[in-house]
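K.L.:
Sending over a structure as C-alpha cells; questions will come in a sec.
The values are calculated or read from the model by the stated rules, or taken from the named source; none is laboratory data. Predicted, not measured: the structure shown is a model, and the values here were computed from it. Cβ placement follows ideal geometry from the backbone for every residue including glycine, while neighbour counts extend to all protein chains displayed.
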Amino acid sequence: MRTPYIIRIGAQKGGVGKTTIAVNLAVALKLMGYNTLLIDADSTNPSIGFHLGMENANMGTRAFATGKARIKDVVHVHAPTGLHVIPGVVSDKPYVPTAEQSRRFSKELRDSNYQFIIIDTQPGYMKADSMTRADLHLIVTMPNMESCASALRLAAEFDREGAKHSIGVNRIRNRAYELSLSEILEGYSGKVIGEFPEDESVPISIAEHIPSVLLNRRARFSKSAMRLAERIAIGLEPEQGRKTGGFFGWLLRLFQR
Amino acid sequence: MNREKKRKAYCIAVTSLKGGVGKTTISVNLASALSTIGHKVLLVDGSIYNPGIALALGIEDNAEGLRKIMKEGNLKESVISDKRTGLDLLLVDKPMLTVKIAKPNIVRLLDKVKDSYEFVIIDVPHNIPMDMLFRFIDEIMITATPDMPAVAHLPKLYSILRRKRIRSGLIMNAVERRGYDLDYNTIRESTGIDPLGELPRDENVYRCAMDGTPVVLKYRNSPFSVGIYRIAKAVERRQKI
C-alpha cells in the first residue's frame, strides 16, 4: 500500500454520517499511531470543526485548494490527539478549483509524508478525480431506500470512471422496515467495509465537540469506527485482515495453533 | 407590490443548510396536507442531482418531469398528477449530472404555471445555488435538526434572506428533547430566526419512507402528521398576508 493512502468519504444524499465517520476514522487511525491528515472539503457547510471543537479556523481547505496557501499554512493540530486537520471555512458559494489548481493540490498531498489522508466531501456528485484521485472512495449510506438508491448511483458513476469504492452503512437499527445488508449487497458490486449501529453516543459526542472514539471508546459506534480503521490499516483485505477479538477470538487462535 | 398582484400561487422553497434533515419528507407531506385541506398544489423536485420525491411517493413511471422540460420545453405535458395525494408533480427521475440547466428558461416556465395553482412547493437542496429562485419564491422554509452542524450556519443564510427581503420560516425536525439537543431558545438566540413549527421524531416517518406513502395520508394522527397540518394551517395564513 503506497502512502499517503487517500480515502475520500462521500455520499450523494446528505445527513448520512459522512463527517461523523470521517472524523472518527481519522482519530482512530491517529490513535493507532498513523500519521493522519483530515481534510474538510465541504465548501458550503463545513462541520468538521464542530466535531473536533475547532470552530474558529479562519483559513482552510479553500485557501489551499485555490492555491492561496501551502499545506503547512492551513494545517491545524487537534490538541487532544495530535491529528492534523485542514478545516473548511464557511462560504455561500461552492468552489470549483481549476485543473491547474487541482493538479497542484493533488501533487502537494501526494508528496506529503502522511500515511493516511481522509477527505470529507460535500453531499452531491463529485468526479472521482476532482481535486485529487483517491485510493479508496468510501460511500456512506443509511439502510433506507433513498440513501441506498443514491449510493448505488454514485457507485455506478465511480465504476464508469474506474475508481475503487466501498460502502459503509451507518445508523443500522435492525428494524423490520430497514434494508438488510444482503438487500443492499444485491444491488452493489463492491464490498461493505463498515457497519455502524445507531448509537446515542454519536449525537452526544457531536454536542460535546469530542469525537465518539475519544469520548466513549466502548460505545458501539466507536468500536465500529475502530474496527474500520484496523481494517483499512491492515490493507483492506477483510479475509486476512479481520481479527476476531475477545474470548471467541482467543479460542479461535488457540485452535488454529 | 406590483409583483405580488400578478401572481396567484404562493411559492414556497423548502431547503436546509445540511443534508438529511428532512427537506424531502417535509415537502412531500406539507404538499399532501395542503392538498388534503383542499388546495391545488404543485410539488417540484429541485434536487436535480439527487432526486428523492419520486421515490418518496413510490412513482416509477412518467417521472421525467424536469428532463422533459429541458427536451421539449412544454411544462403542461411534463407535469403529472398523483391521484392518491391529489398533487400535481414535476419530478426528476434520475440525476441530471450532465444537463446544462438553462436557468432563465426554468424560471420563465415556472412563472407561467403559477396561474394554475394556489401553492407551489419546491424541494431545493443546499448544494445548488438558490439565487435563481429568489425572484420566483414568496417564502423560504428552512429545515434543521436541533444540533450544531445543522443550525450553525443559519445566521448567514438568514442575513442573505433579509437583504433580499424574502420571508423565511424555520422548521425544527426530529425534535426529541434529549439532554444533548439544542433547545428552542438557544436556537432562537443564536440564529435570530423564529421557528415556524417543530416536528417530533416519529417512527412512522421511517416506516412510510419505505412504502412510498406520505405520513399525513397513512398515519393521519401520528405526531409528525399533526405537526405538518399545523404548519400547513400557518402557511395558509401567511399566504393571505
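K.L.:
Among the residues of region A:15-44 satisfying the criterion of being crowded, with 24+ Cβ neighbours inside 10 Å and of a type in the set (S, T, N, Q), which is nearest to A:P87 (Cα to Cα)?
P.N.:
Checked region A:15-44; the qualifying residue nearest to A:P87 (Cα to Cα) is A:T19.
K.L.:
Additional query: Can you tell me which residues in region A:136-165 are free of Cβ contacts under 8 Å to residues at least 60 places away in the same chain, outside any helix (DSSP H, G or I) and within 25 Å of A:I234 (Cα to Cα)?
P.N.:
Hits for region A:136-165 are A:G162, A:A163, A:K164, A:H165.
K.L.:
Which of the residues spanning region A:105-131 are farther than 16 Å from A:H84 by Cα, of a type outside the set (A, V, I, L, M, F, W, C), in a loop (DSSP other than H, G, I, E, B) and more than 15 Å from the chain's Cα centre (by Cα)?
P.N.:
Selection gives A:G124, A:Y125, A:K127, A:D129, A:S130.
K.L.:
Of (1) modelled with pLDDT under 90; (2) acidic (D, E); (3) under 16 Å from the mean Cα position of the chain (by Cα), B:E236 satisfies all except one. Which?
P.N.:
(1)
K.L.:
Also: In region B:113-150, how many are without any contact (Cβ under 8 Å) to a residue 60 or more places away in the chain and either more than 10 Å from chain A (Cβ to nearest Cβ) or touching a Pro at 6+ places or on another chain (Cβ under 7 Å) (or both)?
P.N.:
Qualifying residue count for the region: 4.
K.L.:
Being at pLDDT 90 or above and of a type in the set (S, T, Y) is true for just one of B:S81, B:S116, B:S47. Which residue is that?
P.N.:
B:S81
K.L.:
Taking the conditions exactly as written (buried (at least 19 other Cβ atoms within 10 Å of the Cβ) and within 14 Å of chain A (Cβ to nearest Cβ)), does B:I187 satisfy them or not?
P.N.:
Yes; evaluated as a whole, the condition is true for this residue.
K.L.:
Restricting to region A:105-135, count the residues that are among the charged types (D, E, K, R), within 25 Å of A:Y34 (Cβ to Cβ) and touching a residue at least 24 places away in the same chain (Cβ under 8 Å). Steps first, please.
P.N.:
So the first thing to find is which residues in region A:105-135 are among the charged types (D, E, K, R), and the list is A:107-108, A:110-111, A:120, A:127, A:129, A:133, A:135.
So of that shortlist, the ones also within 25 Å of A:Y34 (Cβ to Cβ) come out as A:107-108, A:110-111, A:120, A:129, A:133, A:135.
Now narrow it down to the ones that are touching a residue at least 24 places away in the same chain (Cβ under 8 Å): A:108, A:110, A:120, A:129, A:133, A:135.
Total meeting the criteria: 6.
K.L.:
Go through region A:18-47 residue by residue and tally those that are out of contact with any Pro (no Cβ under 9 Å at 6 or more places or on another chain) and within 14 Å of chain B (Cβ to nearest Cβ).
P.N.:
3
K.L.:
Further, regarding this structure: Please state which of the following conditions B:H153 fails to meet, knowing it meets all the rest: (1) without any contact (Cβ under 8 Å) to a residue 24 or more places away in the chain; (2) at negative phi.
P.N.:
It is condition (1) that B:H153 fails.
Rundown of residues vs (1) surrounded by fewer than 21 Cβ atoms within 10 Å (Cβ to Cβ); (2) within 13 Å of chain B (Cβ to nearest Cβ); (3) touching a Leu at 6+ places or on another chain (Cβ under 6 Å); (4) among the basic types (K, R), yes/no style:
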{"site": "A:G49", "(1), (2), (3), (4)": "no, yes, no, no"}
{"site": "A:A57", "(1), (2), (3), (4)": "yes, no, no, no"}
{"site": "A:T61", "(1), (2), (3), (4)": "no, no, no, no"}
{"site": "A:P80", "(1), (2), (3), (4)": "yes, no, no, no"}
{"site": "A:G88", "(1), (2), (3), (4)": "no, yes, no, no"}
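K.L.:
Counting only residues that are in a loop (DSSP other than H, G, I, E, B) and more than 13 Å from chain B (Cβ to nearest Cβ), which one in region A:93-104 is farthest from B:D147 (Cα to Cα)?
P.N.:
By that ranking, first place goes to A:T98.
K.L.:
In this structure, does B:T143 turn out to be within 30 Å of A:L52 (Cα to Cα), out of contact with any Asp or Glu (no Cβ under 8 Å at 6 or more places or on another chain) and surrounded by fewer than 19 Cβ atoms within 10 Å (Cβ to Cβ)? Spell out the reasoning first.
P.N.:
Working: within 30 Å of A:L52 (Cα to Cα): yes; out of contact with any Asp or Glu (no Cβ under 8 Å at 6 or more places or on another chain): yes; surrounded by fewer than 19 Cβ atoms within 10 Å (Cβ to Cβ): no.
Here the answer is no, as B:T143 does not meet what is asked.
K.L.:
For B:E198, indicate whether it is assigned to a strand (DSSP E or B) and either among the acidic types (D, E) or over 20 Å from B:K233 (Cβ atoms) (or both).
P.N.:
yes
K.L.:
Conditions: (1) at pLDDT below 95; (2) farther than 23 Å from A:D111 by Cα; (3) of a type in the set (A, V, I, L, M). A:I21 meets all but one. Number of the miss?
P.N.:
Among (1) at pLDDT below 95; (2) farther than 23 Å from A:D111 by Cα; (3) of a type in the set (A, V, I, L, M), the lone unmet condition for A:I21 is (1).
K.L.:
On to the next question. Which one is surrounded by the fewest Cβ atoms within 10 Å (Cβ to Cβ) among residues in region B:202-233 that are modelled with pLDDT of 90 or more and in a loop (DSSP other than H, G, I, E, B)?
P.N.:
B:N221
K.L.:
Take the residues of region A:181-222 that are within 12 Å of chain B (Cβ to nearest Cβ) and hydroxyl-bearing (S, T, Y): which is surrounded by the fewest Cβ atoms within 10 Å (Cβ to Cβ)?
P.N.:
A:S201
K.L.:
Quick test for you: out of B:E64, B:E77, B:E60, pick the one residue that is assigned to a helix (DSSP H, G or I) and out of contact with any Gly (no Cβ under 7 Å at 6 or more places or on another chain). Break it down stepwise before answering.
P.N.:
Details: B:E64 fails: assigned to a helix (DSSP H, G or I); B:E60 fails: assigned to a helix (DSSP H, G or I).
So the residue among B:E64, B:E77, B:E60 that is assigned to a helix (DSSP H, G or I) and out of contact with any Gly (no Cβ under 7 Å at 6 or more places or on another chain) is B:E77.
K.L.:
Okay, moving on. For region A:166-180, name all the residues that are touching a Pro at 6+ places or on another chain (Cβ under 9 Å) and either more than 14 Å from chain B (Cβ to nearest Cβ) or of a type in the set (F, W, Y) (or both).
P.N.:
A:V169
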